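Step one of this worksheet: look at the structure below.
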């Protein structure tokens with residue numbers, strides 16, 4: 001089998017454009033996850049009992065579903081509830097919520113892993129519970145949060161390939177349709193792999209730098 | 001003049017009774033040592049005083065006021081833990097300054113100045129910039145004492161402050177505590193350091209099975225122990 005370089009370069013521009021969409025969906029859903037996750041984690045740690053149970057139930061629900069089901073729900077069911085979103089924004093919402101739920105659990109378990117002594121020391125000084133969590137525990141938990149969070153964000157980028165089912169023109173969707181149009185398989189798959197690796201590699205690199213900044 | 005009055009405290013953990021009707025009074029400036037076998041309720045008692053544990057029943061008043069506002073109660077009552085519980089991401093200075101800065105509204109400069117004066121007082125003047133991981137256990141515990149003092153408490157609670165320390169570091173912590181007591185600080189100290197109790201306590205209290213079994217000034221406590229259970233306890237910890 002020979003590698004067809006001409007086909008490789010012929011289809012590359014379309015996939016590069018598609019990787020722009022992958023990047024946009026990923027960054028927007030990542031942004032949404034970053035806003036939602038601390039809210040979920042803190043309401044689970046600090047909220048009144050009712051809110052705490054509701055948030056926990058929501059987290060367990062989303063974690064129990066394959067991301068594909070969440071995406072399909074956003075695309076097909078939300079319009080019936082009166083919320084009509086384009087495929088792109090459905091993808092951002094679905095991936096953002098899925099990412100937020102996993103990230104929330106990472107934040108919560110990192111804070112809880114600090115042990116009772118840290119919380120008690122802050123309470124004994126006169127910190128209110130929420131202040132203790134925000135001022136004392138969260139800064140300490142940050143270093144434990146970042147590595148697993150990077151992992152989660154890489155997963156989020158990979159999960160954006162699922163948006164091909166709701167016709168978002170990201171890498172996987174464009175790659176698949178190119179393959180069906182042209183029957184050039186290997187060359188296009190290699191391009192898809194390289195583009196994903198570049199995007200995920202960049203995220204990982206940035207997060208490593210952040211980790212180093214935090215630990216020094 | 002009474003600083004602390006605890007009446008008829010009960011606390012159960014499941015089927016275990018940690019406090020079984022405890023009454024305790026403390027005068028301003030008084031230094032009380034609490035000892036007793038493990039599981040006798042001594043830690044639970046002082047943790048109830050600053051409400052890290054909520055007693056099932058009974059009343060506690062400090063300076064005549066019942067504790068309605070937990071945060072303001074805890075600001076007036078300092079606590080030192082067996083495991084130090086310093087904040088590992090903060091330097092010694094920041095550990096001491098963070099309370100006054102976040103809770104008492106001091107500026108960074110004011111809080112740092114207060115922290116440095118206190119670190120000086122616990123003989124750690126040169127260690128302000130070190131993280132807890134670079135301090136010995138004895139040094140960490142002295143930072144923890146400074147951290148509690150930074151809130152200018154009216155009462156200091158010590159929960160087995162030297163139990164996690166190597167023997168040669170116990171002295172430096174106890175010396176700081178003795179000096180604190182001599183300076184007029186009201187203190188309740190849970191400890192098995194009977195030398196400290198003899199040297200620094202106004203009264204010593206012996207607890208067993210959730211009750212205060214004996215309470216006496218040091219001389220009487222050691223020379224004429226007022227309870228047979230206490231006689232056995234003293235034989236066990238002093239006898240070897």
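When you scan the range B:147-177, how many residues do you find that are buried (at least 18 other Cβ atoms within 10 Å of the Cβ), over 21 Å from residue B:27 (Cα atoms) and within 12 Å of chain A (Cβ to nearest Cβ)?
2
Looking for something in contact with a strand residue (DSSP E or B) (Cβ under 6 Å, 6 or more places away or on another chain) and touching a residue at least 24 places away in the same chain (Cβ under 8 Å) - is there at least one such residue anywhere in the range B:166-183?
yes
Quick one: would you say residue B:150 is touching a residue at least 24 places away in the same chain (Cβ under 8 Å) and over 23 Å from residue A:128 (Cβ atoms)?
no
Tell me, yes or no, whether the range A:94-112 has at least one residue that is surrounded by fewer than 16 Cβ atoms within 10 Å (Cβ to Cβ) and modelled with pLDDT under 95.
Yes, the range A:94-112 contains a residue that is surrounded by fewer than 16 Cβ atoms within 10 Å (Cβ to Cβ) and modelled with pLDDT under 95.
So which helices (runs of 4 or more DSSP H) are wholly in the range A:112-194 and hold at least 1 residues that are under 25 Å from residue A:37 (Cα atoms), free of Cβ contacts under 8 Å to residues at least 24 places away in the same chain and within 14 Å of another protein chain (Cβ to nearest Cβ)?
Where helices (runs of 4 or more DSSP H) fall fully within the range A:112-194 and carry at least 1 residues being under 25 Å from residue A:37 (Cα atoms), free of Cβ contacts under 8 Å to residues at least 24 places away in the same chain and within 14 Å of another protein chain (Cβ to nearest Cβ), they are A:116-125, A:138-159.
Among the residues of the range B:21-55, what is the count of those that are more than 14 Å from chain A (Cβ to nearest Cβ), at negative phi and crowded, with 16+ Cβ neighbours inside 10 Å?
Residues meeting the conditions: 14.
I'm trying to understand the selection: among the residues of the range B:90-109, which are part of a loop (DSSP other than H, G, I, E, B) and either surrounded by fewer than 17 Cβ atoms within 10 Å (Cβ to Cβ) or away from every other protein chain (no Cβ under 11 Å) (or both)?
B:91, B:104, B:105, B:106, B:107
Does the range A:62-72 include one or more residues that are within 14 Å of chain B (Cβ to nearest Cβ) and either surrounded by 14 or more Cβ atoms within 10 Å (Cβ to Cβ) or over 30 Å from residue B:161 (Cβ atoms) (or both)?
no
Take residue B:133 and tell me if it is out of contact with any strand residue (DSSP E or B) (no Cβ under 6 Å at 6 or more places or on another chain) and within 13 Å of chain A (Cβ to nearest Cβ).
Spelling it out, residue B:133 is indeed out of contact with any strand residue (DSSP E or B) (no Cβ under 6 Å at 6 or more places or on another chain) and within 13 Å of chain A (Cβ to nearest Cβ).
So residue B:67 clears everything in (1) more than 11 Å from chain A (Cβ to nearest Cβ); (2) in contact with a helix residue (DSSP H, G or I) (Cβ under 9 Å, 6 or more places away or on another chain); (3) more than 19 Å from residue A:129 (Cα to Cα) except one condition, right? Which one?
(3)
So if I check each of A:43, A:29, A:53, which one is assigned to a helix (DSSP H, G or I) and surrounded by fewer than 15 Cβ atoms within 10 Å (Cβ to Cβ)?
A:53
The values are calculated or read from the model by the stated rules, or taken from the named source; none is laboratory data. Treat the numbers as computed from the prediction; the structure is a model and nothing was measured. Because the Cβ atoms are built from the backbone with ideal geometry, glycine has one as well, and the counts that use them run over all protein chains shown.
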